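Since the structure comes first, as structure tokens, the remarks are kept for the end.
The values are calculated or read from the model by the stated rules, or taken from the named source; none is laboratory data. Only a predicted model underlies this, so the values are computations on that prediction, with no experimental measurement involved. Only protein heavy atoms, including side chains, enter the accessible area calculation; ligands, DNA and RNA are left aside. Shrake-Rupley method; radii C 1.70, N 1.55, O 1.52, S 1.80 Å.
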Amino acid sequence: ALQLAVSSLAFVVMTTMDIDGPVLNGEAPAKVGVKLTANQKKKLKKKKNKKKHAENNTNAQDVDIKPEPGADVANVQIEYVAADPLQDLSPDDPSYAEFANVFAKFVKKEETEALEVAPAVEAEKKQVEKKEEKKETEDEDGEEKNKISKKQKKREKRLSIAVLKQLVKKPEVVEAWDVSAADPLFLVYLKSLRNTAPVPRHWNQKRKYLQGKRGIEKGAFALPDFIAATGISKIRAAIQEKEEMKKAKQKQRERMQPKMNKMDIDYQVLHDAFFKYQTKPKMTRYGDL
């Protein structure tokens, strides 16, 4: 009975007290009987991940780098670059020139030859470049001189009027502007065919047809014969003479108070002129002005 009582008390004490658990993998001891929060769990995970990364890095450094099985080790070329012995000295140091003369005697022949050859090669390159530039400029100048515009090429290809007249059966049909046609021989052939209507002369004029009448002398209007036979022109001339004799005041009065039936005309004569003796007017032909 005493043993049972002691064991039960010990169990109660263990459950009520916070006892640290065992340390695992160097981690902090987890408390028995206490639940971890979400933040605490995240922290533990981060610590575990960091340890894993550190272990992987150490393992990778320990691994020896081995050449690939297919690689040719014999073909590998190793170039030894000598360090600059005057690297630590400053050029202002008085002993710099002495050391430079000493170390210059130990330089390889290849390096000295390369240093001597380099300026000569650069000078040759510059001369070649200058020659090429001169050639390009000369070629461009020659191309510009030889360039001909499209109009000049067309003019060179045109036939002269004399040659065109020699090639055609009817040279009298050839005109000065026939040479500038797309096919002058075919054009002259069409013009020389029978019953062909000529193109009107005003086709090459800048003004529209019948717009410019400077060169045309138009006479005064003349009454037709059947109207002039009535004697109307004599009556009108007599009335105009009377009006010219009037003064300005009389003209103004007549404008304000006009007088009617001044002309004594026989209307029967006018009727016969228009309905008996009238003739057709003269009409202009095609191309007449």
For TRP177, tell me the accessible area in Å² from a 1.4 Å probe, rounded to the nearest 10.
90
Under a cut-off of 27 Å between alpha-carbon atoms, report the lysines in cross-link reach of LYS150, not counting same-chain residues fewer than 8 places apart.
LYS165, LYS206
Of all accessible heavy-atom area on segment 198-284, the percent that carbon and sulfur account for (1.4 Å):
54
Accessible area expressed per residue, segment 152-285, with surrounding protein chains retained (probe 1.4 Å, Å²):
98
Going by accessible area, probe 1.4 Å, with all protein chains left in place, what is the ranking of PHE221, PHE186, largest first?
PHE221, PHE186
Per residue of segment 165-175, in order, report the coupling 6.51 cos²θ - 1.76 cosθ + 1.60 (Karplus, θ = phi - 60°) as ³J(HN,Hα) in whole Hz, putting x for Gly and Pro.
5, 6, 7, 9, 6, 10, x, 5, 7, 5, 10
